[in-house]
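Input: a single structure, listed below in structure tokens.
The values are calculated or read from the model by the stated rules, or taken from the named source; none is laboratory data. In this text the structure is predicted, and so the values were computed from the model without any measurement. Ideal geometry is used to build each Cβ from the backbone, glycine not excepted, and the neighbour counts take in all protein chains shown. The area values use the complete protein model at the heavy-atom level, side chains included, leaving out ligands, DNA and RNA. Shrake-Rupley method; radii C 1.70, N 1.55, O 1.52, S 1.80 Å.
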Amino acid sequence: MSKELTTRAADYSQWYNDLVIKGELADHSAVRGCMVIKPYGYALWENMRDQLDRMFKETGHVNAYFPLFVPKSLFEAEEKNAEGFAKECAIVTHYRLKNDPDNKGKLIVDPEAKLEEELIIRPTSEAIIWNTYKGWIQSYRDLPILINQWANVVRWEMRTRLFLRTAEFLWQEGHTAHATKEEAVDETKKMLEVYAEFVENYMAVPVIKGVKTANERFAGAEETYCIEALMQDGKALQAGTSHFLGQNFAKAFDVQFLNKENKKEYVWATSWGVSTRLIGALIMAHSDDQGLIMPPKIAPLQVVIVPIYKGEESKSVIDDKVASIIKELKALGISVKYDNSDHARPGWKFAEYELKGVPVRIALGLRDIENNVVELARRDTKEKKSVAIEGLGTYVKLLLEDIQQNIYNRALAFRNENIREANTWDEFVSLLDTKAGFVSAHWDGSSETEDKIKEQTKATIRCIPLNNKQEAGKCVLTGNPSTQRALFARAY
RNA sequence: CGGGAUGUAGCGUAGCCCGGUUAUCGCGCCUGGUUUGGGACCAGGAGGUCGCAAGUUCGAAUCUUGCCAUCCCGACCA
């Protein structure tokens, strides 16, 4: 297979697609907008999922599973939520096919098998979950409920892109129920912190924590917190959201509890989610023109070993040496693959594992064994050096940590270089057009202004950063007074 | 969903305008051999409903229509 990649400079979109497909993360499928996640891509997702799952459990959450289908009457109960998702729902209307009498071997929908009530394939699960919670909650003693579910959801997007926006995607959605507003708000913020920690420490992608404006808020939420990441082409990507839902769903589904004073109150809610979209963020934050760059902490494979042999005899000598290296690495919890397949030569393997972003490559031949060394190459900097076999495990372990830190630092430096302040409209437009990235600018706080800015520049307010400093200023568009800056960008 | 483009072997492609033997080439794949420190070489070989369907025609990869998918630009995107 030809593995030549489009460069970022030549065509950024094509580069991204090439990495996904040639790096064997995923493929297009026979279904419009839906992808097949291939074993290498799925292994990455499993590592991300497992780590997030640990973090959810550490913060007191448990997993459960709710149905894929949502009866239409439940779906429409929370009006804003329903309206927000209505335009992108897949709907089940029938439950049976039958043979087509006019066309042998073909099937048609059996008109006799129409459902009494349509079933919506969940675009998100608030409705079915809150309908369920209604039966679980009577007393303040039943609260809080801290549930997460790992699931697939369907959103019938007009235009799809591998990982970034697919019609079906995998995600987790946390849905919690609380007795007080304070507790629910704390939960919302706590989960935002969990997401930020995961994305920064494990995916090595720096994020800005913030709050969405009313325009960008989740349908049915009182407040949407988010983490925003910056991609190498200067576009922003929403990496995760955590919503404070107030009592909206409790009211829509009539979920009340008796408090200590024996008074009925509506339950307070949160929901929060991250999806396979994070893989898109990972790719676009780190990778280069030679291929993917996987952060060691979640890489499907951390180390690959390539033998350089001359003839069968040297091969078995190398195999023996490698066996002990593998043992040492595995004992340190490092994932390692020995690629001694004979159908590709070393140079081909080097290029292949660079494309796949394996953080560390070890090559060794007889020459090295004589000198008790291996050739060690790191993916992030392409640096190669000779390292003693003695103590190799520890060396690799530290190197993996160094790579993790290095790609984070690199992404952070890039992100920080690409946050710029604009104080006039001309400056604002020119920064967006010439530099891309985040533009920090004063905004008068009105949805109308936000819409106008979006219309004229395609930039949206990604968030109002949580740690925002308060300063008086004038809105870049209207000149109206403002108390703080918002973070604008063109986004995925 | 609107505008534009594309679809020929696993991948990349020639042929299409102007219909006519057995659909071109490269990579990859298979067999054997020689190789192996940055994408090996030699010899032989396999692999195609020309995206799918219908139509025009004696004859369709080529012309017409519909559909599907992908890419780009819009609209949409909690």
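Overview of results
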read-out	value
Order by protection proxy (mean Cβ within 10 Å, highest first), peptides A:76-83, A:56-63, A:97-104	A:76-83, A:56-63, A:97-104
Mean Cβ count within 10 Å, highest first, over the residues of peptides A:200-210, A:482-492	A:200-210, A:482-492
Bridge type composition, the range A:303-399 - antiparallel percent by DSSP, nearest 5	50 percent
Helical mean residue ellipticity (222 nm; -39500 (n - 2.57) per DSSP H run of 4+; nearest 500) of chain A	-11000 deg cm²/dmol
Computed over the range A:192-349, Kirkwood Rh from alpha-carbon pairs, angstrom	20.0 Å
Accessible area expressed per residue, the range A:419-489, with surrounding protein chains retained (probe 1.4 Å, Å²)	51 Å²
Alpha-carbon Rg/Rh ratio, for the range A:419-489, with Rh computed the Kirkwood way	0.91
Using alpha-carbon coordinates, inclination of helix A:126-136 to the longest axis of chain A, degrees	70 degrees
Nearest-ten-degree value, helix A:346-356 long axis tilted from longest Cα axis of chain A	10 degrees
Heavy-atom accessible surface of the range A:303-399: percent carbon and sulfur, 1.4 Å	52 percent
Between helix A:392-417 and chain A: long-axis angle, C-alpha atoms, 0 to 90°, nearest 10	50 degrees
Farthest positive-ward along the range A:303-399 dipole, Cα basis, beta-carbon charges - from A:394, A:381, A:335	A:381
Net charge dipole size for chain A [Lys, Arg +1 and Asp, Glu -1 on Cβ; Debye, nearest 20]	400 debye
Peptide ranges A:84-92, A:179-187, A:232-240 listed from the most packed, as the mean C-beta count within 10 angstrom indicates	A:232-240, A:179-187, A:84-92
Dipole magnitude of the range A:213-372 about its Cα centre (Cβ charges: Lys, Arg +1; Asp, Glu -1), debye to nearest 20	340 debye
Relative contact order, percent, chain A [alpha-carbon distance under 8 Å, six or more residues apart]	13 percent
Rel. contact order, % - alpha carbon contacts under 8 angstrom, at least six apart, the range A:108-210	21 percent
Charge dipole (debye, nearest 20) of the range A:303-399; +1 at Cβ of Lys and Arg, -1 at Cβ of Asp and Glu	360 debye
Extreme residue, positive dipole direction of chain A, given options A:5, A:278, A:144 (C-beta unit charges)	A:5
Apportionment of accessible area to carbon and sulfur, the range A:405-445, percent (1.4 Å)	47 percent
Isotropic mean projected area of the C-alpha convex hull, chain A (nm²)	29.9 nm²
